[in-house]
1. Among A:T161, A:T191, what is the fewest-to-most ranking by other Cβ atoms within 10 Å?
2. Give the residue from A:Q108, B:Q229, A:G200 lying farthest towards the positive end of the charge dipole for the protein assembly as shown; charges sit on Cβ (+1 for Lys and Arg, -1 for Asp and Glu) and the dipole is referred to the Cα centre.
3. How far apart, in nanometres, would the label points at B:N36 and A:F110 be if each is projected 7 angstrom from Cα along the Cα-to-Cβ direction?
4. Under a 10 Å cutoff between Cα atoms, tell me which one of B:S217, B:S13, B:S162 has the largest fluctuation in the Gaussian network model of chain B.
5. In the neighborhood of A:G254, defined by Cβ-to-Cβ distances under 12 Å, what is the net charge if each Lys or Arg adds +1 and each Asp or Glu adds -1?
6. How many angstrom lie between the C-alpha centres of region A:189-241 and region A:22-80?
7. Would you mind calculating the relative contact order of chain B from Cα pairs under 8 angstrom and at least 6 residues apart, reporting the percent as a whole number?
8. Nothing charged except the Cβ atoms of Lys and Arg (+1) and of Asp and Glu (-1): what's the magnitude of the dipole of chain B about its Cα centre? Round to the nearest 20 debye.
Amino acid sequence: MDIYLLEAIINRILLGGVLALLALGLNLIFGVIDVVWIAYADIVMCGMYALYFLYAEYGVPLPVACLIAIIGVSILGVVVHLLIIAPVLNSPPLNQLLATGGLLFFLQSFATLLFGTDFRNIGVRLPILEFATMYISFARLIAFMVGLIGAVVLYLFLKRTYIGTAIRAIAQDRDIVGLMGVDQRRIYLVTSAIGGALAGLAACLLALQYDVHPFIGNTFGPVIFMICVLGGLGNMIGGFAASFIISQIIAIGGYYSNTEWSYVLAFTFFIVLMFIRPRGLFAR
Amino acid sequence: MLSLASVSAGYGSFQALFGVSLEVPKGEAGGVIGPNGAGKTTLMRVISGLIPMQEGVMTMDGRPVGGLPAHRMVEQGIAHVPEGRRLFPRLTVEENLRIGAFIPQARARFADQLDWVYTLFPRLKDRREQAAGTMSGGEQQMCAIGRALMSKPKVLLMDEPSAGLAPLVVQQVFDLVRRIREEGLTVLIVEQNVQQVLDVVDRAYLLEVGSIKLSGSAAELKNNSFIRQSYIGL
């Protein structure tokens with residue numbers, strides 16, 4: 001195999017790790033609360049700004065800055081649930097879509113107003129690793145490893161704890177969890193906090209590789225939605241796998257032509273698959 | 001132990017229960033029989049807090065519990081095995097049982113309760129790692145009852161436990177109900193299978209269009225000519 005193709009594939013597997021993290025968060029929220037957070041990528045944007053200001057402007061040490069950003073976005077998740085999701089929980093899906101879509105425009109405009117449209121970089125320069133004559137981005141490698149660890153921790157939480165079991169149960173039959181002594185509203189808050197924390201973690205990992213600006217969410221938001229739908233909306237394992245499939249299509253497409261065409265290829269693949277398997281690749 | 005006085009409830013503008021009163025003394029089993037659409041499931045859902053009570057008084061051990069949401073009712077010692085079993089199909093049997101022990105008091109004695117449920121239903125222990133949705137109807141009913149028992153309830157509500165099961169399995173389900181009674185639990189059971197349910201309960205109520213039409217000991221109802229004609233088919 002061509003060494004450059006291999007390099008592209010490896011780098012994209014590494015990027016897939018961050019997308020997988022976001023797909024997990026979005027699927028978790030959708031599966032449990034049954035509302036699609038259209039503004040999820042823009043919540044990530046807020047996390048990136050938080051990290052940028054803490055680290056680059058105020059000189060907070062990077063690990064501490066990351067931790068504060070993650071906790072901050074987690075709290076933001078809870079606030080979004082209380083202010084925007086909770087009031088429309090029993091509304092028709094279209095109204096929910098408009099509410100979270102409105103949040104997207106609000107966050108983008110608000111960020112533009114506060115920070116302008118400058119591209120800002122946190123200024124952490126990580127080396128490019130040379131490995132068997134291939135060049136691999138260290139930032140992406142870290143992002144991949146941390147993303148994987150995040151996914152494993154989430155898995156153990158959902159599998160081993162009472163709250164985690166309740167979260168999985170509520171996604172399977174929301175009407176009767178009350179009979180088990182589970183307070184639905186509390187589970188929704190915990191889920192929003194976890195979804196927010198995953199967005200915060202992804203924000204820290206993305207800030208290592210990309211500049212932050214008010215519209216950064218637009219560059220990966222649509223891809224995350226495509227991944228979630230491809231994997232079967234609400235299906236966490238499906239979304240996790242679909243992250244790597246889409247990343248690879250973009251990598252291989254990008255290698256043979258250019259990045260723009262690779263996205264065309266990925267979305268074409270997505271549309272064709274929606275005709276063949278309308279409920280997602282991994283539909284049950 | 002569980003007592004309802006003039007309880008009314010419904011869905012939105014539709015009223016399903018009109019002034020229902022009933023009493024289940026400690027250690028006894030009560031039965032509610034009646035045709036489809038009489039409000040039997042609504043009654044169970046009101047008692048377990050899934051549907052809010054509109055009027056009336058409900059007490060557990062003399063304490064008023066009416067109007068509490070479902071997740072607080074479990075803390076009062078009321079467990080509800082819903083109609084159609086409603087297991088979490090993709091959770092394993094043991095995970096279903098674990099979620100039954102969600103309330104803090106139950107978590108503390110999880111291991112003991114689990115042993116007890118596995119002693120009652122050894123089949124569940126064999127299937128502990130299996131996804132609950134892949135079991136047979138009878139096994140699922142065992143799991144649903146086991147899940148409710150995990151909270152160590154004082155009163156167990158059972159909504160149509162024999163519905164949708166093969167005749168032989170129906171017999172097994174009623175045997176289960178007998179065994180649970182022998183454990184000293186107070187039980188309230190809703191059934192369309194009138195003949196069978198009158199064999200396992202002490203006292204029964206006939207519910208028609210949202211109100212109690214008849215009540216009495218199981219023996220009295222079994223010999224009541226109206227019940228015999230309309231519900232037992234003799």
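Since every read-out is calculated from the coordinates, none of them should be taken as a lab result. What you are looking at is a predicted structure, and each value in this text was computed from that prediction instead of being measured. A quick note on method: Cβ atoms are made from the backbone with ideal geometry, for glycine too, and the neighbour counts reach across all protein chains shown.
1. A:T161, A:T191
2. So the residue furthest toward the plus end is B:Q229.
3. 5.2
4. Highest fluctuation of the listed residues: B:S13.
5. For residues surrounding A:G254, the net value is -1.
6. 10
7. With pairs under 8 Å counted, the relative contact order is 27 percent.
8. Once rounded to the nearest 20, the dipole reads 320 debye.
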